[in-house]
Each structure stands twice: as C-alpha cells, then as structure tokens.
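**Q** Got a structure for you, questions after.
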Amino acid sequence: MNLYGLAEEVREAEASVLQPSGLQLPDEVGRVLDEVPKAEVLHDRVAMHGDFAPNNLILMDADQVVMIDLSLVDVGLPEDDLARFLAVMSSYSVFIPGSVLPRVRRLRRELESAFRSGYGAAEMETAVMELRLLKQYALRWRRIRELSRLARYEQAMRARQRVIDRHMRSLVKESARRLAILLASDRVG
C-alpha cells in the first residue's frame, strides 16, 4: 500500500465531495498531505464490518460489545472500519449541547481514545489511520450538512452550517496535526 496514494484519496474526496458544495480542506491540511511520502507500507487485510457505526453496536455488559447488521462485511484495512466509526461519532458530537465547552471536547477525545485502544492503540497510531480518518472526515462533512437541513428556516440553516463547518475544520486540522507528527517520527506503517 502506498501512503501517497492514500493521501491522493483524501484529495479526491475533497474534489468530488467537498468542493461541489463550496467547501475545502483547510490549507494546513493540504500542506501536511503534500508531505506524505511515496512510501510503501505493509498492511494486513482483515474482515471488516463495513458499517461500523455507533448505531450498530450493542453494549451487553461493562466490557462486552456486540456488533449487529453484518450485511456489508468485506475484506479491507482495519483502519477503514475504525476511521468510519470515529468520523461518525466525532462529526455528530457537534450537535451535543455545549460542544464548544472544553469538557465536551475532552469527552469526545476520551471516547476516541477508548475506541482506538480497543482496536489496539499501538497498531492504529499510524499515518495510514490518519489518512483514512481524513478521508472519512471529508465524506462525513458534506453528509452531516445534508442531514441537518432546515429547509423552511434559511437563516437558522446558515448558522447551523457555520457551526458544522467550524467543527469539521477543527476535526480535520486535529487529524492533520497527528499525521504531521507521525510523518516526522517515521511512524508511517
């Protein structure tokens, strides 16, 4: 797998999904993507859920989670399932009342950390993971805007979209910062 190819997938998602809606990734994200090397990394392919999202998890016990809706099972990168899950969970945290409060931001980060560690933190803290997450954020950004339409309330809709855009920019910048650190430390695999 080529890291540069994964970075190009992020740029393609920006061009095909965000730009037609008048959106784009922040400049600092583009600069980090420019730094992604054309390095080959070895990666296992695993059975993926395909629709790994909070609504497909059932908490059975304090330490037992069951996944449902296995209709989209496929083979691919484990990072793809986790990136989709984190993007869904993090993008919708914008609608939690008080999402701008440090306590809510901290809670989102703690939840992300818990899910990353459940997948195996050391294995998932890689450039591949952050590139998959950046692509998922680009896809979710447009989708969350579409799902939050308030057709009869144009002024409220514009305000809501500004909140979504600010939140999603924050998420992609956060991911790009982690990617830059990983690239600088040679933890690309």
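**Q** What list do you get for GLU79, GLU40, GLU154 if you sort them by fewest beta carbons within 10 Å?
**A** In order of increasing Cβ crowding within 10 Å: GLU154, GLU40, GLU79.
**Q** Just rank ASP61, ASP81, fewest to most, by other beta-carbon atoms within 10 angstrom.
**A** Going from least to most buried by this count: ASP61, ASP81.
**Q** Round to the nearest 0.05 the FRET efficiency obtained for ASP165 and ASP61 when R0 = 45 Å and r is the Cβ-Cβ distance.
**A** Result of the calculation: an efficiency of 0.70.
**Q** Under 14 Å from a point 7 Å along the Cα-to-Cβ line of ILE181: which residues of the stretch 139-159 have their amide N that close?
**A** Inside the label zone: nothing.
**Q** Could I ask something else about it? What ranking do 27-33, 129-135 get when scored by the average of other Cβ atoms within 10 Å per residue, highest first?
**A** Put in order of decreasing packing, that is 129-135, 27-33.
**Q** Against the globular-protein guess of 2.2 N^0.38 Å, express the Cα radius of gyration of the stretch 135-188 as a ratio, rounded to two decimals.
**A** 1.50
No value in this document is a laboratory result; all are computed from the given coordinates. Remember, predicted model here, so these are calculated numbers, not experimental data. As a convention, Cβ positions derive from the backbone with ideal geometry for all residues, glycine included, and neighbour counts pool all protein chains shown.
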